[in-house]
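Shown next, in structure tokens, is the structure this report addresses.
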Amino acid sequence: MNESIKVSAPGKLMLFGEHAVIYGNPCIVTAVDQRMEVEVRIQSKKGLLIDARDVGVADYFVNFNRLGKGKRTLKGAKFIEYAVKNFVKEYDNCPGIHIKTKSDFSSKFGFGSSSAVTVGVIKALSLLLGKKLSKKKLFSLSYKTVLDVQGVGSGFDLAAAIWGGTLYFVTGGKQITSLKKGNLPIVVGYTGIKAETSLLVKQVAGLRKRRKRLVDSTFNLITEVVREARKDISNSNYTGLGELMNINQGYLETLGVNTIELSNLIFAAKSAGAYGAKLSGAGGGDCMVALASGSKMDDVKKAIKKNGGKVIDVKMGAEGVRVEK
Ligand code: MEV
């Protein structure tokens, strides 16, 4: 048996269908080429030792029988702890392990550092301990982990971390279809405002409670957008996709998750010639995405920067979880 293994999993960007996907609808997500590295090493001391310095966790030790039970578990360690707990529960007999993580991206952006680390930990453990895990099984253990820690989530980010590429995804992994390999001509702009996904999900749930028919009708319209976007992505119809981004953005405004900072970057990108633009993810700040032709890319980036945004250079359609040397 090897003593250690290193894997990496990509971050993600939601392209279409956020929020609606929580309620049984489809979305489109793409994996980005900024990755989370997870190294797992067998150690003599039984239990779990975590070093996740990017999120402020150093030399954090938990006994296996205390996994997930600590009242003051550090936020940055939670996904790792629950991922190990679910793995140990499923496969028993785990030796002592030391897990180190290193991320290409800041956990401030909504690039999915928690989902990438969860997938990375379970994948690395399975390879190191010789347990064969299908992608579906890796998804279900990872999804359980995310629900254990944060209670809500569609799991779309885990699918991106596992399968990579650009995916059509239905809540809880009921359908996961690869749409396209390779990059999409998308510019990502960060507002500089960190948003809390669980709060925005609750906010939309509150609106739905008060205005069920209006919100469910909006989800149905978003589902139509996702279905049309699926075709346009497969045919590389970028003018069509840009138009669909603008329509989806209107529905996200309806759901109340847009902000002035996002709008400023979205309008700036469109004025600079983007085919279309929208917020990406839960909203409330965080990132927007703009689709632009090669000749307009630089103008769109400049416009985002001029309006107070930070352009994050990433490529879409990145490879899913993989072993690193
Ligand atoms: C957040 O990036 C996207 C949401 O749809 C949440 C989820 O699908 O888990 C708001």
Please count how many residues of segment 140-166 are buried (at least 20 other Cβ atoms within 10 Å of the Cβ) and within 25 Å of Ala205 (Cα to Cα).
12
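Any residue that is closer than 15 Å to Pro10 by Cα and of a type outside the set (A, V, I, L, M, F, W, C) - is there at least one of those in segment 77-90?
no
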Considering only strands (runs of 3 or more DSSP E) wholly within segment 25-65, the ones with at least 2 residues that are modelled with pLDDT of 95 or more and surrounded by 15 or more Cβ atoms within 10 Å (Cβ to Cβ) are 26-43, 48-52
Among Ala277, Ala268, the single one that is touching a strand residue (DSSP E or B) at 6+ places or on another chain (Cβ under 7 Å), within 19 Å of Val300 (Cβ to Cβ) and aliphatic (A, V, I, L, M) is Ala277
Scan segment 88-113 residue by residue and report those that are part of a helix (DSSP H, G or I) and either in contact with a Pro (Cβ under 6 Å, 6 or more places away or on another chain) or surrounded by fewer than 24 Cβ atoms within 10 Å (Cβ to Cβ) (or both).
Val88, Lys89, Glu90, Tyr91
Restricting attention to segment 181-210, which residues are outside any helix (DSSP H, G or I) and among the polar types (S, T, N, Q)?
Asn183, Thr191
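Can Arg213 be described as in a helix (DSSP H, G or I), within 19 Å of Gly24 (Cβ to Cβ), of a type in the set (Lys, Arg) and in contact with a strand residue (DSSP E or B) (Cβ under 8 Å, 6 or more places away or on another chain)? Steps first, please.
Values: in a helix (DSSP H, G or I): yes; within 19 Å of Gly24 (Cβ to Cβ): yes; of a type in the set (Lys, Arg): yes; in contact with a strand residue (DSSP E or B) (Cβ under 8 Å, 6 or more places away or on another chain): no.
Spelling it out, it is not the case that Arg213 is in a helix (DSSP H, G or I), within 19 Å of Gly24 (Cβ to Cβ), of a type in the set (Lys, Arg) and in contact with a strand residue (DSSP E or B) (Cβ under 8 Å, 6 or more places away or on another chain).
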Inter-residue pairs, beta-carbon under 8 Å, first within 16 Å of Ile99 (Cα to Cα) and in segment 122-144, second among the polar types (S, T, N, Q) and surrounded by fewer than 20 Cβ atoms within 10 Å (Cβ to Cβ), 6+ apart:
Leu128/Asn2; Leu128/Ser4
Only one of Gly96, Gly110 is touching a strand residue (DSSP E or B) at 6+ places or on another chain (Cβ under 7 Å) and more than 16 Å from the ligand (Cβ to nearest atom); which?
Gly96
Among the listed residues Gly155, Gly151, Gly242, Gly172, identify the single one that is of a type in the set (Gly, Ala, Ser) and away from the ligand (no atom under 14 Å from the Cβ).
Gly242
Segment 20-47, residues that are more than 16 Å from the ligand (Cβ to nearest atom) and touching a Phe, Trp or Tyr at 6+ places or on another chain (Cβ under 7 Å)
Lys46, Gly47
Is it the case that Leu262 is part of a helix (DSSP H, G or I), surrounded by fewer than 17 Cβ atoms within 10 Å (Cβ to Cβ) and within 14 Å of the ligand (Cβ to nearest atom)?
no
When residues of segment 282-317 are filtered for being within 16 Å of the ligand (Cβ to nearest atom), in contact with a helix residue (DSSP H, G or I) (Cβ under 9 Å, 6 or more places away or on another chain) and either more than 11 Å from Tyr190 (Cβ to Cβ) or β-branched (Val, Ile, Thr) (or both), how many remain?
4
Quick check on this structure: which one of Gly11, Gly17 is within 16 Å of the ligand (Cβ to nearest atom) and at positive phi?
Gly17
I'm checking my understanding of the structure. Among residues of segment 187-233 that are among the hydroxyl-bearing types (Ser, Thr, Tyr) and at pLDDT 95 or above, which one is farthest from the ligand (Cβ to nearest atom)?
Ser217
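The values are calculated or read from the model by the stated rules, or taken from the named source; none is laboratory data. Small disclaimer: the values here were computed from a predicted structure and weren't measured. For neighbour counting, all protein chains shown are included, and Cβ atoms are generated from backbone atoms with ideal geometry for every residue, glycine included.
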